[in-house]
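Just so it is clear, none of the values below were taken in a lab; they were calculated from the coordinates. In this text, all values refer to a predicted model and were calculated from it rather than measured experimentally. Ideal geometry is used to build each Cβ from the backbone, glycine not excepted, and the neighbour counts take in all protein chains shown.
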Amino acid sequence: MYLSYTYRTDVSGVVERVKELFKGHNNLIQGFNIFLPKRYKITVDEDRPSPRMIDAHTEAIYFVNKIHKRDENIYTSFLDVLNKYRAGHTDIIKVLTKVASLFEDHPDLLEEFISFLPG
């Protein structure tokens, strides 16, 4: 026996489902907004980061503090490299090359740094 089900929903239903599925992932909601008519745009609380962002930020702070405890010169150079990247004065390959040389004697730090890089 073959049964066919047709499930239909309106835009409001889709918006509610997306809010539920993407809750706490503001970047996904903002990306989905591209496909919605303006009157259905989903607003996100920009001032309140998602729990995932908070965890990543906490890990990054812990990581930077770990570098500082090991060697202040490496710490200062590391922050300099990151600031140059953030300002657009260098690319990610140069950052990785410089960080690899800075962490030459600290392979665990290099491995942790690489885990922060975008996939």
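Assorted remarks:
- Kirkwood Rh, Cα atoms: Rg over Rh of region 51-116: 0.96
- Qualifying lysines (Cα of each under 29 Å from Cα of Lys41; at least 8 residues distant if same chain): Lys19, Lys23
- HN-Hα J in Hz across region 70-76 - Karplus 6.51, -1.76, 1.60, θ = phi - 60°, x for Gly and Pro: 7, 6, 5, 5, 5, 4, 4
- Nearest-0.05 FRET efficiency for Asp105 and Leu36, computed from C-beta distance (R0 41 Å): 0.20
- The Thr97 and Phe63 beta-carbon pair, evaluated with R₀ = 22 Å, returns a calculated FRET efficiency of approximately 0.70.
- Label-to-label distance for Val11 and His25 is 2.3 nm, based on points extended 7 Å past Cα in the beta-carbon direction.
- Straight-line reach from Lys94: taking Cα to Cα under 23 Å and skipping same-chain neighbours fewer than 8 places apart, the lysines in range are Lys66, Lys84.
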